[in-house]
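S.K.: The structure follows.
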Amino acid sequence: MDSALSSPKASRQLTLRAAIAGMLLGGFMSLSNLYVSLKTGWSMGVSITAGILAFAIFSLLLKVRLVKTEFGMLENNAMQSVASAAGYMTGGGTVAAIPALMMITGEAMGGWQMFFWITAIALLGVVMAIPMKQQMINVEQLRFPTGVAAAETLQALHDHTGENKKATYLTWAGFAGAFVGFFRDAHAKWIPFNIPDKFAFPGTLKGRPIGDFTFSMEASLILIGAGAIMGFRVAWSMLLGAIINYGILAPNLYEQGVIDPKLGYKMIVAWSVWFGSSMILTSGLLAFAFQWKTVVRAVRSVGAAFGIDQDSVGIAEVPMKWFFIGLAVFSPLVIFLEWYLFGIKVWMGALSVIMSFFIAIVACRATGETDTTPTGALGKITQITFGALDVGNVTTNLMTANVTAGVGIHSADLLTDLKSGYLLKADPRQQFWAQFLGVLAGSVFVVPAYRLLIPTPDLLGTDQWPAPGAQTWKGVAELLAKGFNTLHPSAQMAILVGGVLGIVIVLIEHYLPRWKKYIPSPTGLGLAFTMPAYNTIAMFIGATIALWLEKKNPELAEKTIVPVSSGFIAGESLMGIVVAILVVLGILV
């Protein structure tokens, strides 16, 4: 792979146009991730999609002579680093800890406060990754599968092998998503028709329309695309969870008077979140515990990372002094913001930053070995820790976990990008600065969009914005704050059953791996109890279509599933933001 590539000194990398393209593409994708995560609890990959789009855009600009030189592979790699950092700015808390806190307190977070908060956490995460890079990528050669895929995609594109057809698929799917989003959400006299929000299913449950239990079909290509990307096992697990929750448990609990007779998603999830959160918590922590060897290797590798001779790795690495300078700048800033914005004691803020370093180590290694960043489980460890240290304080509980999980996800994201750069012989220093630019761009896009979409906390946890991820964080925080005994007996039983079932499923996965494909994913099953059934139905349809195509025509599936799904998601979610802006401007009423 490496022999055909030019050296980093001979090629343009973090150019002005690469930086601008990455900031814009990543910024728009951060809006898409924000929209999708608040709808489904799922976030989508950014770097590969951004690389395909940038290649297509600059190829077109070169053809029409608006640019004079070809957009090079290492330029595209630097652009991917910017875009990836921007696209993952939802990892700073805007789809989990912040909406969870807003639901609990009923108070919105100000725009500037949110901007500085998520930016400081992300920049600290970028800095935390510095000592991990040389050990995990240069020395141990951890795979980081998404980083490898991104590098291979760039090689294919810039070798002119015809892979740019993916950009065509993505573009047309984007138009389709935007069309559906506009004619569903936009309402004005001059619009000729509207697509219904949902298509109702016939039938009743316990004398109530089945739609009251959230069984319907949402008119959304986003959910179809998300299902196609997430895979069939998770999707059928979510459908199973929806049938159990909304088709069996909720009707019976409604009949017994446990669930509010208004029904609908908000009333049902007030009970079902306890089952789902418990299952996600226990399964995530146990699965993480089974990775103890990864944890041990990760901690051991830190010492080795500080002792690596940079000359031996053959390329100018990010200097270790940048790590110490970054810690000196961003650690006090994060601790100050914890105290100033949320009233968290300074020593607790300092402890959360110290924990962040070790959580970042584990998150980076887990991502390198499995391509999965266990920020959910790692965040819950912090919640449990501070739930014991500051009993009853949900704000401390949520926002310290926001720090550790946010640092972990941004560290892992940088290492994934650096893996691509390592394979392509890019300059890691330029990728480091690219990540900084992406963080700032993502914050600039995400914060206004969040405040536009969620102007008041009462919109969270509704049919419009279910915020499944935030529901789980909220549930754990409330449980730790209020205590098990304050819940309705049926909710207590739900916590117990959900927790035990999460453990049992992970034990089966671990000790009987041959049975894994026959048992539900604990994450998917638990998540189904925190989102409406119409979401899971649509995602199951998307996963089924993808599975059928993979079996019918594997080559076509490889070329189309990710670009088309990404196009659906990007087009519809960005149109959702546009419609919200047009409403604020008074163009749509």
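S.K.: Residues Leu527, Leu507: which one is surrounded by fewer than 21 Cβ atoms within 10 Å (Cβ to Cβ), aliphatic (A, V, I, L, M) and either modelled with pLDDT under 85 or assigned to a helix (DSSP H, G or I) (or both)?
M.R.: Numbers: Leu527 fails: surrounded by fewer than 21 Cβ atoms within 10 Å (Cβ to Cβ).
After ruling out the rest, the residue left standing is Leu507.
S.K.: How about the range 207-249: which of its residues are closer than 15 Å to Leu527 by Cβ, in a loop (DSSP other than H, G, I, E, B) and at pLDDT below 90?
M.R.: If the condition is that a residue be closer than 15 Å to Leu527 by Cβ, in a loop (DSSP other than H, G, I, E, B) and at pLDDT below 90, then Gly231 is the only one that fits.
S.K.: Pick from Ser43, Ser84, Ser59: which is over 24 Å from the mean Cα position of the chain (by Cα) and of a type in the set (Gly, Ala, Ser)? Show your work before the answer.
M.R.: Working: Ser43 fails: over 24 Å from the mean Cα position of the chain (by Cα); Ser84 fails: over 24 Å from the mean Cα position of the chain (by Cα).
Just one listed residue meets the conditions, Ser59.
S.K.: Let me ask something additional. Could you check, for the range 316-334, whether at least one of its residues is modelled with pLDDT under 75 and under 21 Å from Ala100 (Cα atoms)? If you could, list the steps in order and put the result at the bottom.
M.R.: Taking the range 316-334 and keeping what is modelled with pLDDT under 75, we get 316.
From the residues that got through so far, the ones that are under 21 Å from Ala100 (Cα atoms) too are none.
Checked against the condition, which is being modelled with pLDDT under 75 and under 21 Å from Ala100 (Cα atoms), the range 316-334 yields no hits at all.
S.K.: Would you check if Ile537 is touching a strand residue (DSSP E or B) at 6+ places or on another chain (Cβ under 7 Å), at pLDDT 90 or above and assigned to a helix (DSSP H, G or I)?
M.R.: On the way: touching a strand residue (DSSP E or B) at 6+ places or on another chain (Cβ under 7 Å): yes; at pLDDT 90 or above: yes; assigned to a helix (DSSP H, G or I): yes.
Spelling it out, Ile537 is indeed touching a strand residue (DSSP E or B) at 6+ places or on another chain (Cβ under 7 Å), at pLDDT 90 or above and assigned to a helix (DSSP H, G or I).
S.K.: Follow-up. Can you pull out every residue in the range 50-68 that is touching a residue at least 24 places away in the same chain (Cβ under 8 Å) and of a type outside the set (S, T, N, Q)? Full working, then the answer.
M.R.: Residues of the range 50-68 that are touching a residue at least 24 places away in the same chain (Cβ under 8 Å), as a first pass: 50-59, 67.
Within the range 50-68, Ala50, Gly51, Ile52, Leu53, Ala54, Phe55, Ala56, Ile57, Phe58, Val67 qualify.
S.K.: Taking the range 423-434, which residues are of a type in the set (A, V, I, L, M, F, W, C), surrounded by fewer than 24 Cβ atoms within 10 Å (Cβ to Cβ) and under 14 Å from Ala19 (Cβ atoms)?
M.R.: Trp433
S.K.: So is Ser272 within 28 Å of Ile361 (Cα to Cα) and either at pLDDT 85 or above or part of a helix (DSSP H, G or I) (or both) or not? So that I can check it myself, show each step before the final result.
M.R.: On the way: within 28 Å of Ile361 (Cα to Cα): no; either at pLDDT 85 or above or part of a helix (DSSP H, G or I) (or both): yes.
No, not satisfied.
S.K.: Just to be sure, is Leu142 surrounded by fewer than 24 Cβ atoms within 10 Å (Cβ to Cβ) and without any contact (Cβ under 8 Å) to a residue 40 or more places away in the chain? Full working, then the answer.
M.R.: Numbers: surrounded by fewer than 24 Cβ atoms within 10 Å (Cβ to Cβ): yes; without any contact (Cβ under 8 Å) to a residue 40 or more places away in the chain: no.
Spelling it out, it is not the case that Leu142 is surrounded by fewer than 24 Cβ atoms within 10 Å (Cβ to Cβ) and without any contact (Cβ under 8 Å) to a residue 40 or more places away in the chain.
S.K.: Do you know which residues across the range 445-472 are in a helix (DSSP H, G or I) and not aliphatic (A, V, I, L, M)?
M.R.: Phe445, Pro448, Tyr450, Arg451, Pro457, Asp458, Pro468, Gly469, Gln471, Thr472 - these are the residues of the range 445-472 that are in a helix (DSSP H, G or I) and not aliphatic (A, V, I, L, M).
S.K.: Output the number of the condition that Leu437 fails; it satisfies all remaining conditions of (1) surrounded by fewer than 23 Cβ atoms within 10 Å (Cβ to Cβ); (2) within 23 Å of Ile268 (Cβ to Cβ); (3) in contact (Cβ under 8 Å) with a residue 24 or more places away in the chain.
M.R.: That leaves (2) as the condition not met.
S.K.: Let me ask something else about it. Output the residue which, of all residues in the range 484-504 that are more than 25 Å from the chain's Cα centre (by Cα) and of a type in the set (Gly, Ala, Ser), is modelled with the lowest pLDDT.
M.R.: Ala491
S.K.: Report, by residue number, each residue of the range 328-362 that is free of Cβ contacts under 8 Å to residues at least 60 places away in the same chain, surrounded by fewer than 23 Cβ atoms within 10 Å (Cβ to Cβ) and among the hydroxyl-bearing types (Ser, Thr, Tyr).
M.R.: Residue satisfying the conditions is Tyr340 alone.
S.K.: Taking the range 60-81 on its own, how many of its residues are touching a Leu at 6+ places or on another chain (Cβ under 9 Å) and assigned to a helix (DSSP H, G or I)?
M.R.: Here is the first cut: in the range 60-81, the ones touching a Leu at 6+ places or on another chain (Cβ under 9 Å) are 60, 66-71, 73-81.
Going one step further and asking which of them are assigned to a helix (DSSP H, G or I), we end up with 60, 73-81.
Going through the range 60-81 one residue at a time, the tally reaches 10.
Condition check ((1) buried (at least 19 other Cβ atoms within 10 Å of the Cβ); (2) of a type in the set (D, E, K, R); (3) over 14 Å from Tyr35 (Cα atoms); (4) without any contact (Cβ under 8 Å) to a residue 60 or more places away in the chain) across all residues:
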site: Gln471; (1), (2), (3), (4): yes, no, yes, no
site: Lys474; (1), (2), (3), (4): yes, yes, yes, no
site: Leu480; (1), (2), (3), (4): yes, no, yes, no
site: Thr486; (1), (2), (3), (4): no, no, yes, yes
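S.K.: What's the number of the condition Ser420 fails, among (1) surrounded by 24 or more Cβ atoms within 10 Å (Cβ to Cβ); (2) without any contact (Cβ under 8 Å) to a residue 12 or more places away in the chain; (3) of a type in the set (Ser, Thr, Tyr)?
M.R.: Only one criterion is unmet by Ser420, namely (2).
S.K.: May I pose another question? Right, Gly92: over 30 Å from Arg451 (Cβ atoms) and in contact (Cβ under 8 Å) with a residue 12 or more places away in the chain or not?
M.R.: Values: over 30 Å from Arg451 (Cβ atoms): no; in contact (Cβ under 8 Å) with a residue 12 or more places away in the chain: yes.
When the stated conditions are applied, Gly92 does not pass them.
S.K.: Considering (1) surrounded by fewer than 17 Cβ atoms within 10 Å (Cβ to Cβ); (2) assigned to a helix (DSSP H, G or I); (3) not acidic (Asp, Glu), say which one Ile587 fails and leave the rest.
M.R.: (2)
S.K.: Please count how many residues of the range 167-206 are of a type in the set (Val, Ile, Thr), surrounded by 14 or more Cβ atoms within 10 Å (Cβ to Cβ) and in a helix (DSSP H, G or I).
M.R.: Total meeting the criteria: 2.
S.K.: Restricting attention to the range 536-548, which residues are out of contact with any Gly (no Cβ under 9 Å at 6 or more places or on another chain) and surrounded by 17 or more Cβ atoms within 10 Å (Cβ to Cβ)? Give the steps one after another, and end with the answer.
M.R.: Narrowing the range 536-548 to residues out of contact with any Gly (no Cβ under 9 Å at 6 or more places or on another chain): 537, 548.
Once the filter is applied, which keeps residues that are out of contact with any Gly (no Cβ under 9 Å at 6 or more places or on another chain) and surrounded by 17 or more Cβ atoms within 10 Å (Cβ to Cβ), the range 536-548 yields only Ile537.
S.K.: I would also like to ask the following. Taking the stated definitions as given, is Thr94 part of a loop (DSSP other than H, G, I, E, B), of a type outside the set (D, E, K, R) and out of contact with any Ser or Thr (no Cβ under 7 Å at 6 or more places or on another chain)? Give the steps one after another, and end with the answer.
M.R.: Working: part of a loop (DSSP other than H, G, I, E, B): yes; of a type outside the set (D, E, K, R): yes; out of contact with any Ser or Thr (no Cβ under 7 Å at 6 or more places or on another chain): yes.
Against the criterion (part of a loop (DSSP other than H, G, I, E, B), of a type outside the set (D, E, K, R) and out of contact with any Ser or Thr (no Cβ under 7 Å at 6 or more places or on another chain)), Thr94 qualifies.
S.K.: In the range 1-35, what count of residues is obtained for those that are buried (at least 17 other Cβ atoms within 10 Å of the Cβ), in a helix (DSSP H, G or I) and modelled with pLDDT under 80?
M.R.: Residues flagged as buried (at least 17 other Cβ atoms within 10 Å of the Cβ), in a helix (DSSP H, G or I) and modelled with pLDDT under 80 within the range 1-35 amount to 1.
S.K.: Looking at Thr168, Thr204, Thr94, which one is within 28 Å of Ala360 (Cα to Cα), in contact with a helix residue (DSSP H, G or I) (Cβ under 9 Å, 6 or more places away or on another chain) and polar (S, T, N, Q)?
M.R.: That would be Thr94, the only listed residue that is within 28 Å of Ala360 (Cα to Cα), in contact with a helix residue (DSSP H, G or I) (Cβ under 9 Å, 6 or more places away or on another chain) and polar (S, T, N, Q).
S.K.: Can you tell which of Thr536, Thr544, Thr530 is under 29 Å from Ala176 (Cβ atoms) and over 19 Å from the mean Cα position of the chain (by Cα)?
M.R.: Working: Thr536 fails: over 19 Å from the mean Cα position of the chain (by Cα); Thr530 fails: over 19 Å from the mean Cα position of the chain (by Cα).
Residue meeting the stated conditions: Thr544.
S.K.: For the range 111-125, how many residues are under 14 Å from Phe342 (Cα atoms) and touching a Gly at 6+ places or on another chain (Cβ under 8 Å)?
M.R.: Final tally of qualifying residues: 2.
S.K.: Which members of the range 373-422 meet the condition of being within 15 Å of the chain's Cα centre (by Cα), farther than 16 Å from Pro131 by Cβ and small (Gly, Ala, Ser)?
M.R.: Residues satisfying the conditions are Gly376, Ala377, Gly379, Ala405, Gly406.
S.K.: Which one of these is surrounded by 22 or more Cβ atoms within 10 Å (Cβ to Cβ) and either touching a residue at least 60 places away in the same chain (Cβ under 8 Å) or touching an Asp or Glu at 6+ places or on another chain (Cβ under 8 Å) (or both): Ala156, Ala120?
M.R.: Ala120
The values are calculated or read from the model by the stated rules, or taken from the named source; none is laboratory data. Please read all numbers here as calculations on a predicted model, not as lab measurements. Don't worry about glycine lacking a Cβ; one is built from the backbone with ideal geometry, like all the others, and counts go over all protein chains shown.
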